[in-house]
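Heads up: the structure comes next, in structure tokens.
The values are calculated or read from the model by the stated rules, or taken from the named source; none is laboratory data. What you see is a predicted model, and the numbers here were worked out from it, not measured in a lab. Reconstructed Cβ throughout: ideal geometry from the backbone, glycine too, with neighbour counts over all protein chains shown.
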Amino acid sequence: MKLNCSISIFSVALCTTLSALPASSETLRLLTWGGYAPEDVVAKFEAETGHKVEVTKSNNEEMIAKLRATGGGGFDLAQPSQDRIAGPQEEFGIYKPIDMSKIDTSLFIPSMLEATKGNTTVGSDVYGVPHIWGTSGLVLDTSKAEMVKDYTDLCSDDVAGKVSYRLKRPTLIGFAFAMGLDPFAAYGDEAAYTEIMSQVEAKLIECKPNVKTYWGGGDELMGLLRSGEVVASMAWDTGGWKLNADNPDITFVAPAAGALGWVDTFALPAKGKADEAAYAWINFVMQPEVAAMITAAAGNFTASQGADEFADDDLKARYRASFPPEAIDNIKWYPPVPAGLEAIEGGVLDRVKAAN
Amino acid sequence: MRAEAKLGLILLLTPLLLWLSLLILIPHVDMFLVSLRERIGVGEYRISFANYLTFINEPLYLRTFIRTAVMSTLATMITLLIAFPVSYYIAKIARGRVQSALFLLCLVPFWVSELVRTFGWMILLRETGLISNLLQWAGLVDGPVEMLYNDAAIMVGLVYTSMLFMVVPLVTTLESLPDEVIEAGYDLGGGGGAVMREIVIPHAAPGIVSGCIVVFMLSLGNYLTPIMLGGKDSLWFTELIYSQFIVRFNWELGAAFGFLLLGLSSAIVWGMLKLTGQSLEKTMG
């Protein structure tokens, strides 16, 4: 290189610009959720590190399906929920272990980092570090559906025909808790889990006439709640808080049985090519100021130590209104889903959808 | 010379063969192999027909398939009933610029994506939507009416999305029918009904059949319309395939469903052709 550089002034100029950039600039193909990689954060990252970022928005199931289709290729960094890493990793081997020495652990809230590491460990390797956390529970129009306190209240006659929830696993889990069962305790026992799910299935079929429609995407639910066609629903906390900004009657309520807590993580796909950029992105977005920018876009809080100070006051107020201290203690955090449980849940969901 | 001609033929055929084998044949073979796998443990599989047996033993899947097939057939018939008079008017009655303008009107909705068209119907049909508000304003109903999330809404969506694919083959075949033949029918004392039955419909039969096949296949394989307009009761076979692949990580069962859909829909089309005495060559040729 030195020899080449001395050839002409032009090359010298070129060489200096090259050496001004970091060792190598990579393209980071990020597989994430809507709002987790806002444009201003991406621009700041690209300016500071020289890496390029390509964002693909997805959800848990699609992330796993996409990575499974390519054996863990096509993306350099994915953000599945912490309970959905160990199972698919054992079954399909789509991730590679995280090198903790390349991560600035001082940026993370220690308890959350340890819990996520524990839940995403397969063998002796860690496959995930936490990024954003939140809960799902009830989003209600409190002026019309004040009587709804728990998931099973969605089946009451007071809100008949004005209810919406997703036909996905959080609904099954939520209803099971509201019915006094403990699905998480039965995760390891397929027979017991099947028994719990069959009770939930009966309840959901009984509840079906109450439901206006099963929502699929967040925007669809927003439309239904905004227009007043739906007054009580099961959804993410951020959805409720966003609507609360437009209509003070609508907000997120932590159900009596407990909100369901999730943590979305960073995981490295097995055939990812830009590990350096991936680690750089993780360490970049976990800085408190950057984490606060993501919180502003996604509406959820991050696992970044000290980012709360930078968060918007309105959001903090909404969070406190939805979560009195006892509701925070009552949050049910998803434990890792063992491989194979999806098949049991799938049968239940299909039968509920088909019931008249 | 002969060898050169052969080489030319091979070179000309190569793109087509590559296309067919790489994009159609190989994925299907792979899919078929996946459908024969049965999961017996974490990352362990063995070859069996378990996935096909699941389809037969679980009444839900069979019911969903029958429901999808019946609804698609119904949608095809409704599309034909609406499209035939329209096509007849465009091909035989309208002239000059009116003819082109009418044909263009059938085409225009297809310039936007299917998703947007379906959203359009959702805006019209929903409880706080246009039709509901119009009915209330006119005093015909007291409260808001929900017209979305039922089978009728799915049917409307399916017929609307596939209308063009019926109109185009019908217009083409009807245009090839000389007006003199119709006039001769009337001159020989036939009434409107007899002329339609004896002359127009037999002539248009290939167009009707090819239109029906396309519309039936499009409806059967439609994913968006049933999901968005059908809501909680949509239950469409393609939805089952999607959820097996994406939500359940059960590629094996999804692949089996995919093959069953392919086989059963081909069987239905074949049965229809036999029933109407048409052959595929006549229809497509």
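The rows are residues; the columns are (1) within 30 Å of A:Glu206 (Cβ to Cβ); (2) of a type in the set (Lys, Arg); (3) part of a helix (DSSP H, G or I); (4) within 12 Å of another protein chain (Cβ to nearest Cβ).
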| site | (1), (2), (3), (4) |
| --- | --- |
| B:Gly193 | no, no, yes, no |
| B:Ala205 | no, no, yes, no |
| B:Gly211 | no, no, yes, no |
| B:Ile227 | yes, no, yes, yes |
| B:Lys232 | yes, yes, yes, yes |
| B:Glu239 | yes, no, yes, yes |
| B:Leu260 | no, no, yes, no |
| B:Met272 | no, no, yes, no |
| B:Gln278 | no, no, no, no |
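Which one of A:Ala267, A:Ala280 is more than 14 Å from chain B (Cβ to nearest Cβ), outside any helix (DSSP H, G or I) and aliphatic (A, V, I, L, M)?
Working: A:Ala280 fails: outside any helix (DSSP H, G or I).
Of the residues listed, the single one that is more than 14 Å from chain B (Cβ to nearest Cβ), outside any helix (DSSP H, G or I) and aliphatic (A, V, I, L, M) is A:Ala267.
Is there a residue in segment B:257-277 that is surrounded by 21 or more Cβ atoms within 10 Å (Cβ to Cβ) and either under 16 Å from the mean Cα position of the chain (by Cα) or in contact (Cβ under 8 Å) with a residue 60 or more places away in the chain (or both)? Lay out the reasoning, then the answer.
First, the residues of segment B:257-277 that are surrounded by 21 or more Cβ atoms within 10 Å (Cβ to Cβ): B:257-258.
From what's left, either under 16 Å from the mean Cα position of the chain (by Cα) or in contact (Cβ under 8 Å) with a residue 60 or more places away in the chain (or both): B:257-258.
Scanning segment B:257-277 turns up at least one residue that is surrounded by 21 or more Cβ atoms within 10 Å (Cβ to Cβ) and either under 16 Å from the mean Cα position of the chain (by Cα) or in contact (Cβ under 8 Å) with a residue 60 or more places away in the chain (or both).
Whether any residue in segment A:117-133 is within 14 Å of another protein chain (Cβ to nearest Cβ), over 17 Å from the mean Cα position of the chain (by Cα) and surrounded by fewer than 23 Cβ atoms within 10 Å (Cβ to Cβ) is what I want to check. Give the steps one after another, and end with the answer.
Initial filter on segment A:117-133 (within 14 Å of another protein chain (Cβ to nearest Cβ)): A:122-123.
Going one step further and asking which of them are over 17 Å from the mean Cα position of the chain (by Cα), we end up with A:122-123.
Next cut, surrounded by fewer than 23 Cβ atoms within 10 Å (Cβ to Cβ) only: A:122-123.
Within segment A:117-133, one or more residues are within 14 Å of another protein chain (Cβ to nearest Cβ), over 17 Å from the mean Cα position of the chain (by Cα) and surrounded by fewer than 23 Cβ atoms within 10 Å (Cβ to Cβ).
Give, as residue ranges, the helices (runs of 4 or more DSSP H) completely inside segment A:109-227 that count at least 1 residues that are farther than 26 Å from A:Gly346 by Cβ, assigned by TED's automatic domain parsing to the domain that holds A:Tyr279 and touching a Pro at 6+ places or on another chain (Cβ under 8 Å).
Details: elements: A:110-119, A:169-178, A:190-207, A:218-226.
Those helices (runs of 4 or more DSSP H) span A:110-119.
If you scan segment B:11-59, which residues turn out to be under 15 Å from B:Gly254 (Cα atoms), part of a helix (DSSP H, G or I) and among the hydrophobic types (A, V, I, L, M, F, W, C)?
Correct list: B:Val29, B:Met31, B:Phe32, B:Leu33, B:Val34, B:Ala50, B:Leu53, B:Phe55, B:Ile56.
Of all residues in segment B:21-41, which are β-branched (Val, Ile, Thr) and under 20 Å from B:Thr54 (Cα atoms)? Full working, then the answer.
Within segment B:21-41, the first condition is being β-branched (Val, Ile, Thr), and the residues that meet it are B:24, B:26, B:29, B:34, B:40.
B:Val34, B:Ile40, listed by residue number.
Could you look through segment B:32-66, keep only residues that are β-branched (Val, Ile, Thr) and surrounded by fewer than 14 Cβ atoms within 10 Å (Cβ to Cβ), and pick out the one that is nearest to the other protein chains (Cβ to nearest Cβ)? Can you show your working first?
Just the residues of segment B:32-66 that are β-branched (Val, Ile, Thr), to begin with: B:34, B:40, B:42, B:47, B:54, B:56, B:64, B:66.
Narrowing further to those that are surrounded by fewer than 14 Cβ atoms within 10 Å (Cβ to Cβ): B:40, B:42, B:47, B:56, B:66.
Numbers: B:Ile40: 10, B:Val42: 5, B:Ile47: 19, B:Ile56: 15, B:Ile66: 12 Å.
Applying the filter and picking the extreme gives B:Val42.
Could you look through segment A:304-356, keep only residues that are among the hydrophobic types (A, V, I, L, M, F, W, C), free of Cβ contacts under 8 Å to residues at least 40 places away in the same chain and over 29 Å from A:Ala86 (Cβ atoms), and pick out the one that is farthest from the other protein chains (Cβ to nearest Cβ)?
A:Phe310
Residues are listed down the side, and each one gets a yes or a no for (1) in contact with a strand residue (DSSP E or B) (Cβ under 6 Å, 6 or more places away or on another chain); (2) closer than 19 Å to B:Met166 by Cα; (3) in contact (Cβ under 8 Å) with a residue 60 or more places away in the chain; (4) not polar (S, T, N, Q):
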| residue | (1), (2), (3), (4) |
| --- | --- |
| B:Val86 | no, yes, yes, yes |
| B:Arg97 | no, no, no, yes |
| B:Phe110 | no, yes, no, yes |
| B:Glu114 | no, yes, yes, yes |
| B:Ile123 | no, no, no, yes |
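Hey, among the residues in segment A:203-223 that are without any contact (Cβ under 8 Å) to a residue 24 or more places away in the chain and exposed (fewer than 14 other Cβ atoms within 10 Å of the Cβ), which one's nearest to A:Thr171 (Cα to Cα)?
A:Gly217
Between a residue in segment B:32-45 that is closer than 23 Å to A:Pro338 by Cβ and any residue that is surrounded by fewer than 11 Cβ atoms within 10 Å (Cβ to Cβ), which pairs come within a Cβ distance under 8 Å, given they are 6 or more apart or on different chains?
B:Arg37/B:Ile47; B:Glu38/B:Ile47
Taking segment A:243-264 only, how many residues are within 30 Å of A:Pro183 (Cα to Cα) and either assigned to a strand (DSSP E or B) or out of contact with any strand residue (DSSP E or B) (no Cβ under 6 Å at 6 or more places or on another chain) (or both)? Spell out the reasoning first.
If we filter segment A:243-264 for residues that are within 30 Å of A:Pro183 (Cα to Cα), which is where we start, we get A:250-264.
Restricting the remaining residues to those that are either assigned to a strand (DSSP E or B) or out of contact with any strand residue (DSSP E or B) (no Cβ under 6 Å at 6 or more places or on another chain) (or both) gives A:250-253, A:256-257, A:260-264.
Summing the residues that are within 30 Å of A:Pro183 (Cα to Cα) and either assigned to a strand (DSSP E or B) or out of contact with any strand residue (DSSP E or B) (no Cβ under 6 Å at 6 or more places or on another chain) (or both) in segment A:243-264 gives 11.
Look at A:Ala178 and say whether it is under 24 Å from the mean Cα position of the chain (by Cα), crowded, with 23+ Cβ neighbours inside 10 Å and touching a residue at least 12 places away in the same chain (Cβ under 8 Å). Working first, answer last.
Values: under 24 Å from the mean Cα position of the chain (by Cα): yes; crowded, with 23+ Cβ neighbours inside 10 Å: no; touching a residue at least 12 places away in the same chain (Cβ under 8 Å): yes.
For A:Ala178, the condition - under 24 Å from the mean Cα position of the chain (by Cα), crowded, with 23+ Cβ neighbours inside 10 Å and touching a residue at least 12 places away in the same chain (Cβ under 8 Å) - is not met.
Which of the residues belonging to segment B:14-28 are surrounded by 11 or more Cβ atoms within 10 Å (Cβ to Cβ) and among the hydrophobic types (A, V, I, L, M, F, W, C)?
Start the filter on segment B:14-28 by keeping residues that are surrounded by 11 or more Cβ atoms within 10 Å (Cβ to Cβ), which leaves B:17, B:19-21, B:25-28.
Across segment B:14-28, the qualifying residues are B:Leu17, B:Trp19, B:Leu20, B:Leu25, B:Ile26.
Give segment A:68-88 a look and list any residue that's closer than 26 Å to A:Phe284 by Cα and within 12 Å of chain B (Cβ to nearest Cβ), or say none. Break it down into steps so the answer makes sense when it comes.
Residues of segment A:68-88 that are closer than 26 Å to A:Phe284 by Cα, as a first pass: A:72-86.
If the condition is that a residue be closer than 26 Å to A:Phe284 by Cα and within 12 Å of chain B (Cβ to nearest Cβ), then A:Arg84, A:Ala86 are the ones that fit.
Just for segment B:114-131: of the residues that are out of contact with any Leu (no Cβ under 7 Å at 6 or more places or on another chain) and surrounded by fewer than 19 Cβ atoms within 10 Å (Cβ to Cβ), which one is farthest from the other protein chains (Cβ to nearest Cβ)?
From segment B:114-131, those out of contact with any Leu (no Cβ under 7 Å at 6 or more places or on another chain) are B:116-117, B:119-120, B:127-129; that's our starting set.
Filter again for surrounded by fewer than 19 Cβ atoms within 10 Å (Cβ to Cβ), leaving B:116-117, B:119-120, B:128.
Values: B:Val116: 14, B:Arg117: 17, B:Phe119: 10, B:Gly120: 14, B:Thr128: 4 Å.
Ranking the qualifying residues of segment B:114-131, first place goes to B:Arg117.
If I ask for residues that are part of a helix (DSSP H, G or I) and either within 13 Å of chain A (Cβ to nearest Cβ) or touching a Lys or Arg at 6+ places or on another chain (Cβ under 6 Å) (or both), which ones from segment B:246-258 would you list? Write out each step before concluding.
Of the residues in segment B:246-258, the ones part of a helix (DSSP H, G or I) are B:246-247, B:251-258.
Correct list: B:Ile246, B:Val247, B:Trp251, B:Glu252, B:Leu253, B:Gly254, B:Ala255, B:Phe257.
Name the residues in segment B:167-196 that are surrounded by fewer than 13 Cβ atoms within 10 Å (Cβ to Cβ) and within 25 Å of B:Ile78 (Cβ to Cβ), would you?
Taking segment B:167-196 as the starting set, the residues that turn out to be surrounded by fewer than 13 Cβ atoms within 10 Å (Cβ to Cβ) are B:176, B:178-181, B:183, B:187-189, B:191-193.
Passing the criteria: B:Gly192, B:Gly193.
Scan segment A:299-356 for residues that are surrounded by fewer than 16 Cβ atoms within 10 Å (Cβ to Cβ) and acidic (Asp, Glu) and report the count.
6
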